Amino acid sequence: MEVILKQDVEKLGYKDELVTVKPGFARNFLIPNGMAIAATPSQKKVLAENMKQRAHKEAKVKEEAEKVATALAEQTIKIGAKVGEKGKIFGSVNTIQLADAIEAAGHKIDRKRISIKNEPIKEIGVYEAEIVLHKDLTQTIKFEVVGE
């Protein structure tokens, strides 16, 4: 029996994917729990149209992410931190501070999409971080920790 998944199902497939399962599994588990719908010809047409529209929207989102990636690659973000003797920072620099500095530079990035290489950062200097801008696009940026 063919069904269209309404959500990701582990070891079966992803949302809006057309999969073939045994009829009992579909009737007794997937459909009653709201995880799938029966793949009738009309539902297949609706799915095809939705996928077409989603592909168009995804292309726009990816294009915007590429613009942000090129802008971030050209910039060096500066993060101010209180520094003691010998260049040691009080505390450490984390993704929250980096996200705030990127936002101050004009780009809104969720801190959960940022991963700092060689974390934790406890000294002034130049470091790198990776930002996941889109599921297919990851950008490495440089940022500098300076003393205040």
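Here is a check on your reading of the model: is residue 110 among the charged types (D, E, K, R) and within 30 Å of residue 2 (Cα to Cα)? Here the answer is no, as residue 110 does not meet what is asked. Determine which member of the set 94, 50 is under 22 Å from residue 138 (Cβ atoms) and free of Cβ contacts under 8 Å to residues at least 40 places away in the same chain. From the options 94, 50, the qualifying one is 94.
Regarding residue 50, is this residue under 26 Å from residue 16 (Cβ atoms) and modelled with pLDDT of 90 or more? For residue 50, the condition - under 26 Å from residue 16 (Cβ atoms) and modelled with pLDDT of 90 or more - is not met. Within the range 110-148, can you find the residues that are closer than 21 Å to residue 70 by Cα, free of Cβ contacts under 8 Å to residues at least 40 places away in the same chain and assigned to a loop (DSSP other than H, G, I, E, B)? Listed by number, the residues that qualify are 110, 117, 135.
The values are calculated or read from the model by the stated rules, or taken from the named source; none is laboratory data. Everything numeric in this text was worked out from a predicted model, so none of it was measured. No Cβ is skipped: glycine too gets one built from the backbone with ideal geometry, and neighbour counts run over all protein chains shown.
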